[in-house]
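What follows is a single structure, written as structure tokens, with notes after it.
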Amino acid sequence: MLKASEMINAEQRAQVESAVAAAELMTCCEIVPVVATASDPYHRAADLAGLWLAIVAAVAAFLLLPGDYERGTWGGFPLWIQAAALALVMLAGFIIGAVSADRFQNLRRLFTARSYMQTVVRRRARELFFDRRIHHTAAESGLLIFVSLHERTAVILGDRNVLKSLGENFIEDLCRRLTASLQTQDIASALCDTIQHAATSLRNALPRSASSVQELPDTLVLLD
């Protein structure tokens, strides 16, 4: 899977940052776009993939190994060899499955519930909302636009005055617009479109004034 820094080149990054700067000339809102490769390492998914492959490998080995079940027959392996072979096959299956899930995002996604991924992305967005000090601006007007690539999920969070002035519906509509744009455009274009659309509403609800101070940098944050 390509990392966030590999999905967005320097030119695209500059386009997003220009869109943020242009938007903040119209509003006191601090807009922070963030793109992450993934919101979680999903070790549990790798473990589940390894477990399932270990079970399949054990069943296949049990069926293929010649047994020695009845007295008077020959050609099979002693029981201790069969047990050792099954253990080795299961161990190899688990390692191959876990490593494969760790390397290939589609396999990892197959063993992760969609609802769980959405919960993880929302939790990561809330962490960034505080860690990046978007929640601590003087005007209480921060806006986080978060895209997590592995989960193919976007989350937008607004601070108190954004919600007070424009309501939760504004955030939900903006997130739907971003999600739809991501299906038809590259990431940078989708972010620019969302930022420009947000600025139109924010300009009227939270206009920039002479006393407005820029507290957060106009940068696109990429988390690999």
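The values are calculated or read from the model by the stated rules, or taken from the named source; none is laboratory data. Everything numeric here is computed off the predicted structure, so don't read it as measured data. Because the Cβ atoms are built from the backbone with ideal geometry, glycine has one as well, and the counts that use them run over all protein chains shown.
Brief remarks on what is shown
- Among (1) at pLDDT 80 or above; (2) surrounded by fewer than 16 Cβ atoms within 10 Å (Cβ to Cβ); (3) of a type in the set (A, V, I, L, M), the one test that residue 81 misses: (1)
- Extreme residue, modelled with the highest pLDDT, among residues of the stretch 202-217 that are over 26 Å from residue 131 (Cβ atoms) and polar (S, T, N, Q): 204
- Given (1) farther than 21 Å from residue 223 by Cβ; (2) within 13 Å of the chain's Cα centre (by Cα); (3) of a type in the set (Asp, Glu), number of the condition residue 140 does not satisfy: (2)
- For the stretch 174-212, a residue qualifies if it is crowded, with 16+ Cβ neighbours inside 10 Å and acidic (Asp, Glu), and exactly one does: 193.
- Evaluation of residue 157 against (1) hydrophobic (A, V, I, L, M, F, W, C); (2) within 28 Å of residue 3 (Cβ to Cβ); (3) not in a strand (DSSP E or B) (one fails), failing number: (3)
- Just so you know, in the stretch 95-132 the residues that are among the basic types (Lys, Arg) and at pLDDT 90 or above include one that is surrounded by the most Cβ atoms within 10 Å (Cβ to Cβ), and it is 124.
- Screening the candidates 16, 34 for the property of being under 21 Å from residue 220 (Cβ atoms), assigned to a strand (DSSP E or B) and touching a residue at least 12 places away in the same chain (Cβ under 8 Å) yields one hit, 34.
- Close Cβ contacts (under 6 Å, 6 or more residues apart or on different chains) running from residues in the stretch 150-162 that are more than 30 Å from residue 104 (Cβ to Cβ) to residues that are at pLDDT 95 or above and hydrophobic (A, V, I, L, M, F, W, C) comprise 157/125; 157/129; 157/144; 158/143; 158/171; 162/143.
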